[in-house]
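Asker: The structure under discussion is supplied below as structure tokens; questions concerning it will follow.
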Amino acid sequence: MLEEVERWLDRRSWSVADRPIERILAAKRNTKVSVVLPALNEEATVGDIVAVIRRELMSEAVPLVDELVVLDSGSTDRTAEVAAAAGARVVARDAILPRIPAVPGKGEVLWRSLMVTSGDVICFVDADLRDFSADFVTGIVGPLLTDPDVDFVKAMYDRPFGAAPDGLATGAAPDELATGAAPDELASGKTPGQGGRVTELVARPLLNLHWPQLAGFVQPLGGEYAARRSLLERLPFPVGYGVELGLLVDALHTVGLDALAQVDVGVRKHRHQDERALGRMAAAIYRTAQLRLSRGHLVRPRLTQFERGEEGFTPRTYAVDTEERPPMLDIAEYTRRRVA
């Protein structure tokens, strides 16, 4: 298995510099590219991300991205207004598939985004990134346009520890974290490349033990990845934080390891969360892995944590995401739209 992973790393791990934009555009031809930003209360960062994509990837000189959608997951701040002013099409989560009541969670909005985008290639980018570079898009879209055998591409990058800037909270409640893919770091100094504690303590051990073919992914929980619609529409979507691990594992079983790839895009800076939020994320990710290992009964899909109060430690119990959305091809509205 180690030899297989090493061969995969040699064949399917690249740098963003390996594909100049001229080569990517030449390969694009009639392929339509959609970029989706899932967002919940990200007014501080979403506008800059949208502006960079529009300026650098949607111009007459560089017409790489055909469609840019911010999918608002119920923001109470100016996320929708800021995104629209920067030039994105903003769609409210609850306006999509009203027949199926929406639930909180990042996976939920990613799943629904397939209903309101038309690209042959779908690129997901978190809306809380700071110092955003267009390399995050070109890096992961490039292989899908230049290599017909590649179906799913994840970004890899350094994730440094560092204090969140003013205005970016570090202690949001679970429902307030529905934008960030794998927002699993806690700010504690500035150690380059050491972010991603849920990745290192939960996701990477699970993948190495149970899906060793995926051991070569540097950032398995990263929120920046692109895939062909023809693959995404066949996959179930965990509604919460298990979505990244779930899609990766299911893509492996659906198209095989050689159709998966990763691209080094540099450094990722984003909002950090507190330890209790990380615990809830870890529980959701473990549950997603458990379901894929056994498809069995979850005895207790809840997580109890403790907070110290005036009278000692007080237990607080949270539900762990146990719902998944079916492959979009199973949804009648989607298939009718595809036929039309």
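Asker: Pull out all pairs, ordered by first then second residue, where Cβ-Cβ is under 9 Å, the residues are six or more apart or on different chains, the first lies in segment 306-323 and is under 28 Å from residue 292 (Cβ atoms) and surrounded by 14 or more Cβ atoms within 10 Å (Cβ to Cβ), and the second is polar (S, T, N, Q) and modelled with pLDDT of 75 or more.
Answerer: From residues that are under 28 Å from residue 292 (Cβ atoms) and surrounded by 14 or more Cβ atoms within 10 Å (Cβ to Cβ), the pairs are 321/288.
Asker: Among residues belonging to segment 51-81 that are touching a strand residue (DSSP E or B) at 6+ places or on another chain (Cβ under 9 Å) and among the β-branched types (Val, Ile, Thr), point out the one that is surrounded by the most Cβ atoms within 10 Å (Cβ to Cβ).
Answerer: 70
Asker: If you don't mind, there's one more thing I want to ask. What are the pairs, 6+ residues apart or on separate chains, where a residue within segment 91-117 that is under 15 Å from residue 324 (Cα atoms) has its Cβ under 7 Å from a residue that is charged (D, E, K, R) and surrounded by fewer than 15 Cβ atoms within 10 Å (Cβ to Cβ)?
Answerer: 102/94; 103/323; 104/175
For every residue, the table says whether it meets (1) modelled with pLDDT under 50; (2) assigned to a helix (DSSP H, G or I); (3) under 19 Å from the mean Cα position of the chain (by Cα); (4) surrounded by fewer than 24 Cβ atoms within 10 Å (Cβ to Cβ).
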residue: 133; (1), (2), (3), (4): no, no, yes, yes
residue: 136; (1), (2), (3), (4): no, yes, yes, no
residue: 154; (1), (2), (3), (4): no, no, yes, no
residue: 162; (1), (2), (3), (4): no, no, no, yes
residue: 165; (1), (2), (3), (4): yes, no, no, yes
residue: 175; (1), (2), (3), (4): yes, yes, yes, yes
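Asker: Assuming residue 41 fulfils every condition listed in (1) outside any helix (DSSP H, G or I); (2) under 18 Å from residue 262 (Cβ atoms) apart from one, which condition is it?
Answerer: Result: residue 41 fails condition (2) only.
Asker: State which residue pairs qualify: first residue in contact (Cβ under 8 Å) with a residue 24 or more places away in the chain and inside segment 328-340, second residue acidic (Asp, Glu) in any location, beta carbons under 7 Å apart, and separation of 6 or more residues or different chains.
Answerer: Pairs found: 328/233; 329/233.
Asker: Here's a check for you: in segment 212-243, which residue that is in a helix (DSSP H, G or I), in contact with a helix residue (DSSP H, G or I) (Cβ under 8 Å, 6 or more places away or on another chain) and not hydrophobic (A, V, I, L, M, F, W, C) is surrounded by the most Cβ atoms within 10 Å (Cβ to Cβ)?
Answerer: Only one residue fits best here, namely 213.
Asker: Condition first: in contact with a Ser or Thr (Cβ under 9 Å, 6 or more places away or on another chain), under 21 Å from residue 260 (Cβ atoms) and in a helix (DSSP H, G or I). Now tell me which residues in segment 1-22 satisfy that.
Answerer: Selection gives 16 alone.
Asker: Looking only at segment 93-108, which residues are under 18 Å from the mean Cα position of the chain (by Cα) and surrounded by fewer than 21 Cβ atoms within 10 Å (Cβ to Cβ)?
Answerer: To start, the set of residues in segment 93-108 that are under 18 Å from the mean Cα position of the chain (by Cα) comprises 93, 103-108.
Of everything in segment 93-108, those that are under 18 Å from the mean Cα position of the chain (by Cα) and surrounded by fewer than 21 Cβ atoms within 10 Å (Cβ to Cβ) turn out to be 103, 104.
Asker: Identify all residues within segment 14-50 that are touching a Gly at 6+ places or on another chain (Cβ under 7 Å) and surrounded by fewer than 17 Cβ atoms within 10 Å (Cβ to Cβ); write none if there are none.
Answerer: Initial filter on segment 14-50 (touching a Gly at 6+ places or on another chain (Cβ under 7 Å)): 16, 19, 24, 32-34, 40, 44, 50.
Answer for segment 14-50, where residues must be touching a Gly at 6+ places or on another chain (Cβ under 7 Å) and surrounded by fewer than 17 Cβ atoms within 10 Å (Cβ to Cβ): just 32.
Asker: OK, next. If a residue must be in a helix (DSSP H, G or I), under 22 Å from the mean Cα position of the chain (by Cα) and farther than 23 Å from residue 145 by Cα, how many such residues does segment 52-91 contain? Outline the logic, then answer.
Answerer: Filtering segment 52-91 for residues in a helix (DSSP H, G or I) gives 52-57, 79-86.
Now narrow it down to the ones that are under 22 Å from the mean Cα position of the chain (by Cα): 52-54, 56-57, 79-80, 82-84, 86.
When the remaining residues are screened for being farther than 23 Å from residue 145 by Cα, the result is 79-80, 82-84, 86.
Counting residues in segment 52-91 that are in a helix (DSSP H, G or I), under 22 Å from the mean Cα position of the chain (by Cα) and farther than 23 Å from residue 145 by Cα gives 6.
Asker: Checking the condition over 26 Å from residue 121 (Cβ atoms), in a loop (DSSP other than H, G, I, E, B) and either of a type in the set (A, V, I, L, M) or modelled with pLDDT of 90 or more (or both), which residue from 201, 186, 209 passes? Spell out how you get there, then give the answer.
Answerer: On the way: 201 fails: in a loop (DSSP other than H, G, I, E, B); 209 fails: in a loop (DSSP other than H, G, I, E, B).
The unique qualifying residue is 186.
Asker: Only one of (1) at pLDDT below 95; (2) over 24 Å from residue 332 (Cα atoms) fails for residue 103. Which number is that?
Answerer: Of the numbered conditions (1) at pLDDT below 95; (2) over 24 Å from residue 332 (Cα atoms), the odd one out for residue 103 is (2).
Asker: Let me ask something else about it. Cβ-Cβ under 7 Å, sequence separation 6+ or interchain: first residue in segment 17-28 and more than 9 Å from residue 145 (Cβ to Cβ), partner surrounded by fewer than 16 Cβ atoms within 10 Å (Cβ to Cβ) and of a type in the set (Phe, Trp, Tyr). Which pairs?
Answerer: Correct list of pairs: empty, since none qualify.
Asker: Select, from 73, 15, the only residue that is small (Gly, Ala, Ser) and in contact with a Pro (Cβ under 7 Å, 6 or more places away or on another chain).
Answerer: The match here is 73.
The values are calculated or read from the model by the stated rules, or taken from the named source; none is laboratory data. If you're wondering where the values come from, they're calculated on a predicted model, not measured in any experiment. Cβ sites come from the backbone with ideal geometry, for glycine too, and all protein chains shown count toward neighbours.
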